[in-house]
1. Can you find, within the stretch 45-72, the residue that is least open to solvent (accessible area, probe 1.4 Å) among those that are farther than 21 Å from His169 by Cα, part of a helix (DSSP H, G or I) and of a type outside the set (Lys, Arg)?
2. Any residue in the stretch 272-301 that is modelled with pLDDT of 95 or more sitting within a Cβ distance under 8 Å of a residue that is acidic (Asp, Glu) and surrounded by fewer than 18 Cβ atoms within 10 Å (Cβ to Cβ)? List the pairs, counting only those 6 or more apart or interchain.
3. Of all residues in the stretch 319-344, which are of a type in the set (Phe, Trp, Tyr), open to solvent by 20 Å² or more (accessible area, probe 1.4 Å) and within 24 Å of the chain's Cα centre (by Cα)?
4. Please go through the stretch 106-131 and pick out each residue that is open to solvent by less than 10 Å² (accessible area, probe 1.4 Å), within 17 Å of Met170 (Cα to Cα) and either at pLDDT below 95 or of a type in the set (Gly, Ala, Ser) (or both).
5. Looking only at residues in the stretch 140-185 that are over 23 Å from Asp83 (Cβ atoms) and among the polar types (S, T, N, Q), which one is farthest from the chain's Cα centre (by Cα)?
6. Tell me which helices (runs of 4 or more DSSP H) are completely within the stretch 229-315 and hold 2 or more residues being closer than 24 Å to Pro204 by Cα, or say none if there are none.
7. Select from the stretch 28-44 the residues that are over 14 Å from Pro54 (Cβ atoms), of a type in the set (D, E, K, R) and open to solvent by less than 50 Å² (accessible area, probe 1.4 Å) and list them in ascending order.
8. Here are some residues: Asp307, Asp296, Asp278. Which one is in contact with a Lys or Arg (Cβ under 7 Å, 6 or more places away or on another chain) and either open to solvent by 10 Å² or more (accessible area, probe 1.4 Å) or over 25 Å from Ser337 (Cα atoms) (or both)?
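The values are calculated or read from the model by the stated rules, or taken from the named source; none is laboratory data. Bear in mind that the values here come from a model prediction, so they are computed numbers and not experimental data. Here the Cβ positions follow ideal geometry from the backbone for every residue, glycine too, while neighbour counts run over all protein chains shown. When the accessible area is computed, the model is the full protein with side chains, heavy atoms only, and any ligands, DNA or RNA have been set aside. Shrake-Rupley method; radii C 1.70, N 1.55, O 1.52, S 1.80 Å.
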Amino acid sequence: MAIEYLKQSKSQAEKADDDAQVRAVVEATLKDIEARGDAAVHDLAVKFDKFCRPSYRLSEAEVQSIIAKVSPRDMDDIRFAHDQVVNFARAQRASMTDIEVETLPGVILGHKNIPVQSVGCYVPGGKFPMVASAHMSVATAKVAGVPRIIACTPPFNGEPNPAVIAAMHMGGADEIYVLGGIQAVGAMAIGTESIDPVHLLVGPGNAYVAEAKRQLYGRVGIDLFAGPTETMVIADETVDAEICATDLLGQAEHGYNSPACLITNSRKLAQDTMAEVDRILKILPTADTAAISWRDFGDVILCDSHDEMLLVANDMTYEHVQVMTDRDDWYLDNMHSYGALFLGPRTNVANGDKVIGTNHTLPTKRAGRYTGGLWVGKYLKTHSYQRITSDEAAVQIGEYGSRLCLLEGFVGHAEQCNLRVRRYGGLNVPYGAPAEKREVAE
């Protein structure tokens, strides 16, 4: 192997130090919310969001007044994106069927897909109002059939962002709160005097939101660890440096710690892309953010072959993977660890972020090794059930069950099986005795 780093991001040790500082802040903040409830949430909202009001929940009248500020063109665009997300979520939901099968004569097994009963959707918006995140979380929960959907978003420039509120309302949010950061996810998960706790937290966020969700996991469910956005471009000589640089910086502008990586087998493309990044950063309005991400979290990796490129990409397990090669379908067939794939130069990560219909809440920090992104199935719990409908089946399963329980030393378990053998098979079996020692009842 001949993998060469032409540019390398911060070391893992440096990244670990950053994570440790975030963990400490989040832990203290969540303890404060648990101890002081609404008072803590209010203080945090004033401190971090610079937003003060008696209740952070918007009334229905306020919601309608805020939505009225959205222009007709913007509303049409929001509805178009909403419809694409809902249509795909409905198709996904239709693929998840309840089943019931007879595995042996008289033995019925099945499962039901039951919606989570309440969900808290976090929609980022302090720096950039993430209108699309409302579709991804709120609308998808509605398609899944969640009975209670609450949504939180921080104020933008000192007030609720009309487009975000419109998307939340359009998606079907039952309660809308103007809260951001740790105080939002903490209030939704822990509950306060005015906010009933939810069963599941979903939605992307910054490092503090992601860490808060991690620490709250267990008390509530979470969709996944969706921290700072990551983007990877896998490219060969079939594309040029401008498209590669644009796709890298298009995601690096999310925050100061958004990893962006180019993997290529073309030294010329690698060098040209780095030069093109420098050129674009001189004219990009969000360069103050993107330049720091690129400096501290940017990688350019040169490989000898597509096999090496695949190996590196699967190992890094990035959130967004843009594939622009002469064998895009080969990557689709062989990539196994990632958040979402964007195949070919005609598409891009921004399509998935905003409008095309797939969900943009995706696993980061290598979580794609064990989970996919947010989708309608995340709001559903698959619960199994069983039924035995004949005496013969009760005896057959009971006999096997008894012997297997005793094999493990569980005498009480075995007696549950033996009781059914006696009752439905007309047999006498001494308490705890193996099924084969039974005698026919007289």
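1. Only one residue tops the list, namely Ala45.
2. Once the first residue is modelled with pLDDT of 95 or more and sits in the stretch 272-301, its partners that are acidic (Asp, Glu) and surrounded by fewer than 18 Cβ atoms within 10 Å (Cβ to Cβ) give Asp272/Asp240; Glu276/Glu242; Ile301/Glu4.
3. Correct list: Tyr338 only.
4. Passing the criteria: only Gly120.
5. Asn157
6. It comes to 241-252, 287-297.
7. Selection gives Asp32 alone.
8. Matching residue, one of Asp307, Asp296, Asp278: Asp296.
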